[in-house]
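Worksheet: one structure, shown below.
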């Protein structure tokens, strides 16, 4: 966690505060340019099984879906499609992320997207008291209760990983 830079509250943090969802803000140094989730977990001093990434997919129907999975895991597209009742889905191109979500790669959060896309969180999070997701910008994460977050954003839990 970076202590030498003054950190500002992100929009995600403001949204969670307004909703009275308890969270803990965490900031980390991004000067090395390594945005991998496992590196973020190390920088936070947290187990990588507690740090989750937010992935956005489009179904062949054209609908967008958000999946939140552990940073060290890979999304199983067949399981993800089944979880949302679609025949198939694909990851969106990185250039499509900002216009559709309002977030950039490495700072995508399941909270505060431009539109409230259907969201599914990997089932292992359901048993955790806290997990870490992006706070909406590179270098910022929030630790939050997964069930409280899921209830707030209308997310479900399912087996999503390979």
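The values are calculated or read from the model by the stated rules, or taken from the named source; none is laboratory data. Just so it is clear, the structure is predicted and the values come from calculations on it, not from any experiment. With ideal geometry, Cβ positions are generated from the backbone for all residues, glycine too; neighbour counts draw on all protein chains shown.
Numerical summary
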read-out	value
Hits in segment 110-154 - residues which are in contact with a helix residue (DSSP H, G or I) (Cβ under 7 Å, 6 or more places away or on another chain), part of a loop (DSSP other than H, G, I, E, B), crowded, with 19+ Cβ neighbours inside 10 Å and on the phi < 0 side of the Ramachandran plot	110, 111, 113, 135
Test: residue in segment 14-23 that is farther than 20 Å from residue 149 by Cα, at pLDDT 95 or above and touching a helix residue (DSSP H, G or I) at 6+ places or on another chain (Cβ under 9 Å)	no
From 73, 49, residue being within 21 Å of residue 127 (Cα to Cα), in contact with a strand residue (DSSP E or B) (Cβ under 9 Å, 6 or more places away or on another chain) and either in a helix (DSSP H, G or I) or at pLDDT below 95 (or both)	49
Only one of 33, 62 that is without any contact (Cβ under 8 Å) to a residue 24 or more places away in the chain, over 18 Å from residue 108 (Cβ atoms) and not in a strand (DSSP E or B)	62
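Results for (1) in a strand (DSSP E or B); (2) touching a strand residue (DSSP E or B) at 6+ places or on another chain (Cβ under 9 Å); (3) at pLDDT 95 or above, shown as yes or no for each residue.
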| position | (1), (2), (3) |
| --- | --- |
| 4 | no, no, no |
| 55 | yes, yes, yes |
| 69 | yes, yes, yes |
| 87 | no, yes, yes |
| 95 | no, no, yes |
| 99 | no, no, yes |
